[in-house]
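Okay, structure first, notes after.
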Amino acid sequence: MRDAVLSKVLALQHLSLAELRQQHSQFFPDEQAAPSNKAYLQRRLAYRLQELAFGGLSQQAEERLQQLVHQHDPINRRPSEPAPASQESALKPRPLRDRRLPIPGTVLTKTYKGTQFQVRVLAKGFEFQGKTYRSLTAIAKVITGMHWNGYLFFGL
């Protein structure tokens, strides 16, 4: 039985998108339209073939899955309902500064085409040649004349 199911699953790799969509409509008649993503269809049909041959999830697993879906938003991985008051205090605030940045007052040095450039990190922004910039990317653009990722340019 395992060999028969395995051969059916492996045969899915050689089917065209139209054939996969046709099989999808046979296995999932309640759905109006089959997806047009071939890899997704192959995985979904493979799972369904195995589910029919060997059985699906246990009742306990189904209940736990439904509990998790209800508790969390599977797309954004964040709670879909507000946290209880006791858990709200445990939530940590987002850091105000990017962790890749050194502390304010640090001087970043970059040698570009034989010229050395220095940038001072401020509490909010960066100082370069007497001017304040909001991002390292803006400074990298002034230095090179083209768009650069500021963190990459300065090696952070």
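Against the definition (within 30 Å of residue 150 (Cβ to Cβ), within 25 Å of the chain's Cα centre (by Cα) and either at pLDDT below 85 or not assigned by TED's automatic domain parsing to the domain that holds residue 124 (or both)), how does residue 100 come out, yes or no? Steps first, please.
Values: within 30 Å of residue 150 (Cβ to Cβ): yes; within 25 Å of the chain's Cα centre (by Cα): yes; either at pLDDT below 85 or not assigned by TED's automatic domain parsing to the domain that holds residue 124 (or both): yes.
In short, yes.
Is it true that residue 137 is in contact (Cβ under 8 Å) with a residue 24 or more places away in the chain, farther than 15 Å from residue 103 by Cα and among the hydroxyl-bearing types (Ser, Thr, Tyr)? For residue 137, the condition - in contact (Cβ under 8 Å) with a residue 24 or more places away in the chain, farther than 15 Å from residue 103 by Cα and among the hydroxyl-bearing types (Ser, Thr, Tyr) - is not met.
One residue is enough: does region 36-52 have a residue meeting the conditions loosely packed, with under 11 Cβ neighbours inside 10 Å, of a type in the set (Gly, Ala, Ser) and within 27 Å of the chain's Cα centre (by Cα)?
Yes, there is a match, as at least one residue in region 36-52 is loosely packed, with under 11 Cβ neighbours inside 10 Å, of a type in the set (Gly, Ala, Ser) and within 27 Å of the chain's Cα centre (by Cα).
Residue under question is residue 51, and the condition is that it be modelled with pLDDT of 85 or more, of a type in the set (D, E, K, R), under 30 Å from residue 7 (Cα atoms) and in contact with a Gly (Cβ under 9 Å, 6 or more places away or on another chain); does it hold? Here the answer is no, as residue 51 does not meet what is asked. Has region 96-107 got any residue that is β-branched (Val, Ile, Thr), touching a Leu at 6+ places or on another chain (Cβ under 8 Å) and surrounded by 10 or more Cβ atoms within 10 Å (Cβ to Cβ)? No, every residue in region 96-107 fails to be β-branched (Val, Ile, Thr), touching a Leu at 6+ places or on another chain (Cβ under 8 Å) and surrounded by 10 or more Cβ atoms within 10 Å (Cβ to Cβ). The set of residues in region 105-130 being farther than 12 Å from residue 154 by Cβ, of a type in the set (A, V, I, L, M) and part of a strand (DSSP E or B) consists of 122 alone. Is it the case that some residue within region 52-69 is of a type in the set (Val, Ile, Thr) and without any contact (Cβ under 8 Å) to a residue 12 or more places away in the chain? Checked against the condition, which is being of a type in the set (Val, Ile, Thr) and without any contact (Cβ under 8 Å) to a residue 12 or more places away in the chain, region 52-69 yields at least one hit.
The values are calculated or read from the model by the stated rules, or taken from the named source; none is laboratory data. Remember, it's a predicted structure, so these values are computed and weren't measured experimentally. All Cβ positions, even for glycine, are placed from backbone atoms using ideal geometry, and neighbour counts span all protein chains on display.
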